[in-house]
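Below is one structure; the comments refer to it alone.
Derivation of every value follows stated rules applied to the coordinates shown; laboratory data play no part. Because the structure is predicted, anything quoted here is derived from the model rather than measured. For neighbour counting, all protein chains shown are included, and Cβ atoms are generated from backbone atoms with ideal geometry for every residue, glycine included.
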Amino acid sequence: MDREEIISELNRMDFLSNYKAFTEEDLERKSQLLSKLAKDMIYSFINEYISPEEAKKAQELLDQIPIELLTEMPKETNEFGKKDNICAYATRDGIVYLTKGSVSSCNSKDPYSMNAFLSTLIHEYCHALRRKQNKEIKGYFEEGFADFFAEICTNYMKLKTNQGNTLFEMNSVRYYTRASRQLKSIMFCLKEQGKDMEAIDEFLLGDDNNFLEICTDVFGREFVDYFNQVKSMDLNVNYSQEALVNMFSKLVEEKKVDLNNLPKDLTQLSRNSLFFVSNYLFIKSKEKNEQLSKDDNEEIDEIEEYESEYDNDRDNRIRRHIENKYSLEGKNEEEIYETILYLASDYIQKKGLTDEENIIFIKELKDQIPFVEDFAELYRELRVERKDKEILDNLELEDISYEKIYSKMQSMKPKEELSPEEQKQKDLASMLHSNNESIKTNNKNIK
């Protein structure tokens, strides 16, 4: 099956899941289809940017990596020793595990949902590829590389399939995000020297010593000290950032890296810009060389404020995602219908998941739409009755709100059909209630 055929089949399966829950066989098939998409993304990127020979090598290794499903991931598998639940994990013997909930909730018609799931799977395949070659685990650095590699594969496929020109960035927990930001800054410097793809190839499919040699040629012997520190999970993040600032400062001073080549719009996707590069470490290196402008100082303040917010409150990112995805403002009838479909589907699929991201997601969604559970269930009822396309009929779209949509849905609620016996019991209860009210009235009159 090619990519379009796989997505068509996933669309069919997800559509049917609105009427019938996924069976074990369905989840197994869906996981295999998603796995095929992720493997194809890795192959396509390596074939385009590195070489067909290395792409073939990657494909042969990927074909040896099995996917297995678990009801829930053991908490102790988290690489950072944290107690968060996670949805995917690659073992030391090169097996990739996925949770059934994550496979079920991946919405094939929602590009963000698909990219988020596939990038997570590519992240785990990155670890598994290294394990299949008996490569040493490189801790914090490897986690950063896996996020970075997942993003460039995802963004390359976005570009190739015309999914818009906004860079996709993984919404990882902060430990991974800090690691990937350091990795991306390193890769920008290697790209300036024309060595980024060679370095990616060596770390993923080649020799770690060759990778270290490439980086040492660009950054100097200081890179060895940095690398030895970040290949552990137990590290001082501030130390690793300071070490990079020192190395970048030296490169800027020696004119081996031109910071003017940093993308002016850090979110725009292009063939030569497949990953988001934070200015922060580079501007800090300019600060070290006393080359800061007024704009640089303002940007440092802005980024450090964002970093503080990012470190202390993941809720803000999830809240912004909910506001952007489920907003009805400025949308036409077709877009509003699609938005309420996503809202109901996402809530139903994610409400039972126990990982930290989804718990926060459900909490924030209920804060913004308090009746979301009843909304989602009623929407599903109307969809089963084939009445969902009538929800927006006769509603003023310029002044639309979830309250108005919910009120309209309630008026459309399918009438409850009672058996003759149930109807008899209901009539009897109504008669008794009427008699009781009559007695109360008479008692009041007596008084």
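Over segment 110-258, what is the relative contact order in percent, taking alpha-carbon pairs closer than 8 angstrom and at least six residues apart? Let's see the in-between values first.
On the way: 133 pairs, mean separation 37.3, N = 149.
For segment 110-258, the relative contact order is 25 percent.
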Ranked 321, 123, criterion: other C-beta atoms within 10 Å, fewest first
321, 123
Please give the length that would be gained between residue 398 and residue 92 if that part of the chain were fully extended, namely 0.36 nm times their separation in residues minus their C-alpha to C-alpha distance (nm, one decimal).
104.7 nm
Which pairs, out of 158/255; 30/160; 132/191; 100/363; 363/413, put more than 30 Å between their alpha-carbon atoms?
158/255
Would you mind putting 52-65, 193-206 in packing order, based on average other-beta-carbon counts within 10 Å, highest first?
193-206, 52-65
Spacing of the two label points (7 Å from each Cα toward its C-beta) at residue 412 and residue 253, in nm
6.8 nm
Give the order of 121, 378, 69 when sorted by the count of other beta carbons within 10 angstrom, beginning with the fewest.
69, 378, 121
Highest mean packing first, using Cβ neighbours within 10 angstrom, the peptides 154-165, 139-150, 100-111, 400-411 sort as 139-150, 100-111, 154-165, 400-411
